[in-house]
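Student: Next up is a structure, given as structure tokens.
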Amino acid sequence: MGDSPGATATAPPERPPSSGANDASDMPPASATRPPSAHDNRPRGLVIVWAAAVVGLVLYLLLGEVVTEAGSRPGRWVRIATLWRRLLDDLADAGIPAFVRFGLWVLLVLFVAGVAVGLWWALRATSDDVAAPGAERA
Amino acid sequence: MADVAEPGTVPPIRTTGHGFSPGRTLALRGWPSVQRFFWLLLALYVVKQCVFVFAFRPFSGHDEVAHLSYLQTVATEWRVPVLPELDEWRAAVRQGDEPAVDGFPDELYPYCDYALYWHCEPDKPQWALNPPRMVTYLGDYYPTGYQYGANHPPLYYVVMTPLYWASDGLSPVAQHYLLRLAAIPFGMLTVAFAYGMSRVLFPADAFLAVTVPAVVAFQPQISYEAAMVNNDIVSIALYSAILFLMILGIRDRFPYRVCLLLGTTLGLGLLTKSNSLSAIPLIALAVLLSVGWRQVRAWLVRGSLILLPAAVLAAPWYLFLYRTYGNLDGLDQIAALQSYWNKPAGTFFGMLLSWDFIVMRFKETWGEFGWRRIHLTSTLNWIIALPMLVAFAGLIRYLIVAGVARLTDRDEPSPRLERWQWLGVGMLVLTCIVAYLAIIQFGTRFALTQARYFFPVVNAAALLLLFGLRTLIPRAYHAYAQGAVFASGVLLNLFLFTQYIIPHFISL
């Protein structure tokens, strides 16, 4: 009497199989019921780490020095910015046109900017971000 | 349900999360951070590779002289070069002839130091004007400056031929830089397959989706390969595609479409470099274990769909090798030509158990650019090795604990893997073992065995190590670990350039 019309017997649904590294047991326990806010998405710790890393990288490139290793010659301190400038000057001696060398300077600046953005996205990427449960191939 | 016979009856394997999907990846709006990171990583990779291309002196990459010379032969003479037969060559020399040999072009003699045993005295006028083609050793004659890469398959050179023609009017150096730039897309493919394989094997894991492609993108030797004139990077990209398709096949129990793609990729790999041969038994085992060895018809059909395109593509090349050299690799001829300086690197078990052998392969994996020219300090090697050892320990610990738990029906540690994921991880482990043993096998005959022969499985090694690392890091710290792995890759590259590479090539 209580069955719906046309209903057929069926087994209880199986527990969704684990999918390895996204196993629920690997997730932290839920601790809040309110919807996440923008603040939750940008924990202060990540912002601090990101800012410190980017500032550190820029300072390292602009002010940093390294002891160069070049064959049997004794190493000496050279500014990192100087090294890159010397590399591009050297390319001029090798016949690389000026516009290519200018392009390389632009690429180096873009690289540093891209690293800053990439680091932020690397820090922000979470498994929740990747996994919408049951999506795609379910 | 029993193992599956036909694709139509294969029950779909459910996974949570998004698998790798080009259509989804190309969607312009609403990208998750992981996808945004991946595309930015590719853009950063291109920028970094341009620096790699121009920072290294022309032809200083291993065998660039040989590769450009091979390309010249293909592009200008419409044929592949041939190794000289030592006995025939000597007989002709003794009769006073100067036998015609496929050799390196005279204009590349200033770069002889970057070629293998091209007698190199470019400052001496008699050799600068007329580069040496013959040496004597203990009274015997040997050719020098010959095309020792002639036993390499031709695909890379055929693909590069249009670019060679288009740049024909440029100087050899300018043309060389252009050809180096043309290697970058193959490096991008390698990074893309690293991302794709992570997403297929661990569909919902951000840590691996971020760190695996990042490590591959910033691995300095893989980057180096993708910034020089060589067929290795094409081989690496194609082997990466094979591994990606193999994991995809394991997940979906090798549908016919994947089998055909796998066979075609394998065939292209065999036409690029012979180390793709090692993929054949791995693919066969993956198919057998995935569809079930009792399902004879199922694996026979799938095996045929893989082998047929591979054989059709590769057969002409192997027929050519057999007709030209009487063997399928030309290595007998190479061994004879190099006999005045070559010797085996050791015995198989001697190398397998040699600490020095392992250390040298590690050094070549991270430094030793060119033919072992730029050496990293022991301190830096240890800084690189320690996190790798920790990750390796994490992998071994996980495999033992989870494997034992699975076999004894106890609760598995997190993350729990499904059967197909276990198979995928197992095949990647086996892939790395086979690749390493191949290095050793080559060394039983040739002194110049090297870590480069392991590079085609870089994606497998990266995924396994980072999976091992992941098992050691509490989930709450994954975000920081992702940032740390990415930042470490960037810093390592910056450090290598400023500390080693730039000072090696310019006078300060």
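Student: Condition test on A:Leu110, is it surrounded by 13 or more Cβ atoms within 10 Å (Cβ to Cβ), within 7 Å of chain B (Cβ to nearest Cβ), at pLDDT 70 or above and out of contact with any Lys or Arg (no Cβ under 9 Å at 6 or more places or on another chain)?
Tutor: In short, yes.
Student: Which residues, taken from the range A:90-101, are surrounded by 12 or more Cβ atoms within 10 Å (Cβ to Cβ) and not in a loop (DSSP other than H, G, I, E, B)?
Tutor: Result: A:Asp90, A:Leu91, A:Ala92, A:Val100, A:Arg101.
Student: Here is a further query. Among the residues of the range B:298-314, is any aromatic (Phe, Trp, Tyr) and within 30 Å of B:Val82 (Cβ to Cβ)?
Tutor: No.
Student: Taking the residues in the range B:387-416 that are over 33 Å from the mean Cα position of the chain (by Cα) and surrounded by 14 or more Cβ atoms within 10 Å (Cβ to Cβ) as candidates, determine which candidate is nearest to B:Val215 (Cα to Cα). Write out each step before concluding.
Tutor: Restricting attention to the range B:387-416, the residues satisfying the condition of being over 33 Å from the mean Cα position of the chain (by Cα) are B:404-413.
Filter once more, keeping what is surrounded by 14 or more Cβ atoms within 10 Å (Cβ to Cβ): B:405-406, B:412-413.
On the way: B:Ala405: 31, B:Arg406: 30, B:Glu412: 28, B:Pro413: 26 Å.
Per the stated criteria, the residue is B:Pro413.
Student: So B:Gly489 clears everything in (1) of a type outside the set (Ser, Thr, Tyr); (2) surrounded by 21 or more Cβ atoms within 10 Å (Cβ to Cβ); (3) in a loop (DSSP other than H, G, I, E, B) except one condition, right? Which one?
Tutor: Result: B:Gly489 passes all but (3).
Student: Please state which one of B:Ala209, B:Ala174, B:Ala217, B:Ala182 is within 12 Å of another protein chain (Cβ to nearest Cβ) and without any contact (Cβ under 8 Å) to a residue 40 or more places away in the chain.
Tutor: Sole residue among the options that is within 12 Å of another protein chain (Cβ to nearest Cβ) and without any contact (Cβ under 8 Å) to a residue 40 or more places away in the chain: B:Ala174.
Student: Have a look at B:Gly269, B:Gly292, B:Gly263 and point out the one that is on the phi > 0 side of the Ramachandran plot and of a type in the set (Gly, Ala, Ser).
Tutor: B:Gly292
Student: Filter the range B:220-253 down to the residues that are without any contact (Cβ under 8 Å) to a residue 60 or more places away in the chain and not hydrophobic (A, V, I, L, M, F, W, C) and list them by number.
Tutor: B:Gly249
Student: So which residues in the range A:77-95 are farther than 23 Å from B:Asn493 by Cα and either modelled with pLDDT of 85 or more or facing another protein chain (nearest Cβ under 8 Å) (or both)?
Tutor: A:Ala94, A:Gly95 - these are the residues of the range A:77-95 that are farther than 23 Å from B:Asn493 by Cα and either modelled with pLDDT of 85 or more or facing another protein chain (nearest Cβ under 8 Å) (or both).
Here's the yes/no breakdown for (1) at pLDDT below 95; (2) within 23 Å of B:Ala115 (Cβ to Cβ); (3) touching a helix residue (DSSP H, G or I) at 6+ places or on another chain (Cβ under 6 Å); (4) crowded, with 18+ Cβ neighbours inside 10 Å:
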position: B:His152; (1), (2), (3), (4): no, yes, no, yes
position: B:Ala174; (1), (2), (3), (4): yes, yes, no, no
position: B:Val191; (1), (2), (3), (4): no, no, yes, yes
position: B:Leu208; (1), (2), (3), (4): no, no, yes, yes
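Student: Residues of the range B:122-161 being small (Gly, Ala, Ser) and either under 25 Å from the mean Cα position of the chain (by Cα) or at positive phi (or both), which ones?
Tutor: Correct list: B:Gly139, B:Gly145, B:Gly149, B:Ala150.
Student: Of the conditions (1) among the hydrophobic types (A, V, I, L, M, F, W, C); (2) more than 30 Å from A:Val117 (Cβ to Cβ); (3) at pLDDT 90 or above, B:Val10 fails just one. Which one is it?
Tutor: (3)
Student: Test of understanding: among B:Thr431, B:Thr444, B:Thr449, which residue is of a type in the set (Val, Ile, Thr) and either more than 21 Å from the chain's Cα centre (by Cα) or surrounded by fewer than 20 Cβ atoms within 10 Å (Cβ to Cβ) (or both)? Show your work before the answer.
Tutor: Values: B:Thr431 fails: either more than 21 Å from the chain's Cα centre (by Cα) or surrounded by fewer than 20 Cβ atoms within 10 Å (Cβ to Cβ) (or both); B:Thr449 fails: either more than 21 Å from the chain's Cα centre (by Cα) or surrounded by fewer than 20 Cβ atoms within 10 Å (Cβ to Cβ) (or both).
Exactly one of B:Thr431, B:Thr444, B:Thr449 is of a type in the set (Val, Ile, Thr) and either more than 21 Å from the chain's Cα centre (by Cα) or surrounded by fewer than 20 Cβ atoms within 10 Å (Cβ to Cβ) (or both), namely B:Thr444.
Student: Kindly establish whether B:Gly249 is more than 30 Å from B:Asp140 (Cα to Cα) and out of contact with any Phe, Trp or Tyr (no Cβ under 7 Å at 6 or more places or on another chain).
Tutor: Criteria met by B:Gly249.
Student: Right, next: Of all helices (runs of 4 or more DSSP H) completely enclosed by the range B:38-129, which ones contain at least 2 residues that are touching a residue at least 40 places away in the same chain (Cβ under 8 Å)? Walk me through how you get there before you give the answer.
Tutor: Details: elements: B:64-77, B:86-94, B:125-129.
Once the helices (runs of 4 or more DSSP H) in the range B:38-129 are filtered for at least 2 residues that are touching a residue at least 40 places away in the same chain (Cβ under 8 Å), what remains is B:64-77, B:86-94.
Student: From B:Ala336, B:Ala314, grab the single residue that is within 25 Å of B:Leu116 (Cα to Cα) and in contact (Cβ under 8 Å) with a residue 40 or more places away in the chain.
Tutor: Among B:Ala336, B:Ala314, only B:Ala336 is within 25 Å of B:Leu116 (Cα to Cα) and in contact (Cβ under 8 Å) with a residue 40 or more places away in the chain.
Student: If a residue has to be among the polar types (S, T, N, Q) and either at the interface with another protein chain (Cβ under 7 Å from one of its Cβ atoms) or not in a helix (DSSP H, G or I) (or both) to count, how many in the range B:461-486 make the cut?
Tutor: 1
Student: Look through B:Gly267, B:Gly350, B:Gly326 and report the one residue that is without any contact (Cβ under 8 Å) to a residue 60 or more places away in the chain, crowded, with 21+ Cβ neighbours inside 10 Å and either in contact with a Pro (Cβ under 6 Å, 6 or more places away or on another chain) or farther than 25 Å from B:Phe254 by Cβ (or both).
Tutor: B:Gly267
The values are calculated or read from the model by the stated rules, or taken from the named source; none is laboratory data. Because the structure is predicted, anything quoted here is derived from the model rather than measured. Because the Cβ atoms are built from the backbone with ideal geometry, glycine has one as well, and the counts that use them run over all protein chains shown.
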